[in-house]
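What follows is calculated from the coordinates using simple rules that are stated; it is not laboratory data. Given the structure is predicted, the values throughout are model-derived calculations rather than measurements. Glycine gets a Cβ as well: all are built from the backbone with ideal geometry, and neighbour counts include every protein chain shown.
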């Protein structure tokens, strides 16, 4: 053990012995005759201790910080009672010597408080007893009693809340133990306070008995033993007894006030000054009304002008200064919060853990491209915001923020689009030039470099900005480099929607639903489908660019099929049928839905390739690879031909085969919708573009 530890233990041992010696000394005063000088010291100590207790009760932040109050109250009460017995012994033994026989403290109180008249002393003493016994102590006892009852009743619920926070990972084991210990201390504290208040009430009764004994016993002893006149004996012993009672009751009143402040504080945090003045002074309008009332009282005939006018002016001044003070406090708090945020940001920037975080969507620019875009950064941010708003309206959830960064590791005029830190698209752009999409048509008669348009892979060419007007007159629509970049970014996000719908985003969507649909979710999750299964369904819909904006309809469809289908793919097929009106409406062009059918031959091929179990559910897709290659060739020819004729159309097939047709088609034409016959909504006008056959 270190030398410092030994010294600490020795000091603690010394304090233990001193404390035990003090308790023994208090007990000794009960039985041993004590000189008047020591009694003066003891009475001064009692007054000082009561004032110290009151100050501590005023400045503590919460009642549990003074959990030893019941013990301190018992010691203070025992000290006053032992001193009361010692002074009684002195009064009865030496009272015939005069009003200073019991010490100068009692003499001083008898002269100062009573003004030399014991009748005044008796009245003051009775008032103090009444205030202490009937007002302060009784109220504090009632508050402590109700607080103890409510605290004990609330213990099971608070214990369950602590266990729930621990199970959810919101707190650790140490924090849970600390909260449980605080809960135990709170219940024990209010229970102890309920009993400790009885000490003061009992002391008040004891003081009445003591003062009566001192008066009547002293008169009898003074007359019979010391041959004093009755009137002289009554005057001396009454002054001594009432002075003794006042010396005992003033500290008792102070300690009772401290107990009342402590238990009435309840759950309010902060010192008594903060709790009282902060709340009383938080409403300037209340002070204005009170000030106006004081001014009215000052003008009432017969009432003194100066006190009411002074109070009214003081309240008006405080009401005027409070808004300024509150504004300064808010400004200081905001500045402090900003400084703390900047410090946290600076620390996180240098933290190794920060390197583990990846942005959900990141647009990484080459150095030259980043410098070129700095001038139009505000416009770029505005267009990105509009794009995210459009995605939210179209697909039903808000895509994550897009992080802009630059890198020396990529070519200067190149940009990369990253999703969860993985590069999913890389493209070179030319700031200051225009892109003209030409497709399979003629190219403009201007110099330029032919490329593939990054978003859709169509033929295009970069031309100088100087030829923009000439190209427009030729019937072409040139696009600036920023628009090309944002169009490509938009298409990349659209292709990666399933990866961008996080579990947190899904829970946020569910939390925004109406209460009725929240109850529906409680009915099906997790008894019939887990939350992760629900997320998988939404992701499968987004993978085929089906909007989830009508989430309530999707949840109703899931609730219908969830008891009968366990696989997410089966649930999705049912959901698609239920929201067929939305799907067809989003794909319709000019009020009509353009469809390309699979054809009888390929319908039969896919039907024969589906292997089913005894219940009729599809368990395997077994098709000859040569047929897959042949289907891909024929489908590509038919689809490319229709793409030249119409802007939007869908491929229609049998319900059972739809997922497997989609699996093949998405590798050739990622954006082509594949519908089943059951997903064509009632009343939708169909325009057939032919068949793949």
Worksheet item: In what sequence, highest mean first, do 515-524, 535-544 appear when ranked by Cβ atoms within 10 angstrom?
Response: 535-544, 515-524
Worksheet item: By how many nm would the segment from residue 503 to residue 285 lengthen if fully extended, with 0.36 nm per residue of separation less the alpha-carbon distance?
Response: 73.7 nm
Practice prompt. Based solely on C-alpha atoms, express the radius of gyration and the Dmax of the stretch 499-691 in angstrom.
Written response: 17.7, 53
Discussion item. Let me test this: with uniform point scatterers at the alpha carbons of the stretch 289-340, what is the Debye-based log₁₀ I(q)/I(0) at q = 0.24, 0.27, 0.32 1/Å?
Written reply: -0.80, -0.90, -1.06
Item to complete: Please pull out the direction-averaged projected area of the stretch 358-473, using the convex hull of its alpha-carbon atoms, in nm² to one decimal place.
Response: 8.8
Fill in: Where only alpha carbons of the chain are counted, the Rg and the Dmax (Å)
44.3, 141
Worksheet item: Sorted from fewest to most neighbouring beta carbons within 10 Å, what does the list 648, 88 look like?
Response: 648, 88
Discussion item. As an exercise, use a Förster radius of 30 Å and the Cβ-Cβ distance of residue 230 and residue 37 to find the FRET efficiency, rounded to the nearest 0.05.
Written reply: 0.45
Worksheet item: Taking 1 over the mean of 1/r across every pair of different Cα atoms in the stretch 488-542, what Kirkwood radius in Å do you get?
Response: 12.3
Item to complete: Please tell me the relative contact order of the chain in percent, rounded to the nearest whole number, where contacts are Cα pairs under 8 Å and at least six residues apart.
Response: 9
Worksheet item: Tell me, what is the FRET efficiency for residue 445 and residue 647 to the nearest 0.05, using R0 = 22 angstrom and their Cβ-Cβ distance as r?
Response: 0.25
Worksheet entry | FRET efficiency for residue 220 and residue 18, using Cβ-Cβ distance with R0 set to 45 Å, rounded to 0.05 | 0.60
Worksheet item: In what order do 357, 158 fall by count of nearby beta-carbon atoms within 10 Å, going from fewest to most?
Response: 357, 158
Worksheet entry | Fewest-first sequence of 463, 38 by Cβ atoms within 10 Å of each Cβ | 38, 463
Fill in: Helical contribution to [θ] at 222 nm, DSSP H n ≥ 4, -39,500 (n - 2.57), averaged over the chain, rounded to 500
-22000 deg cm²/dmol
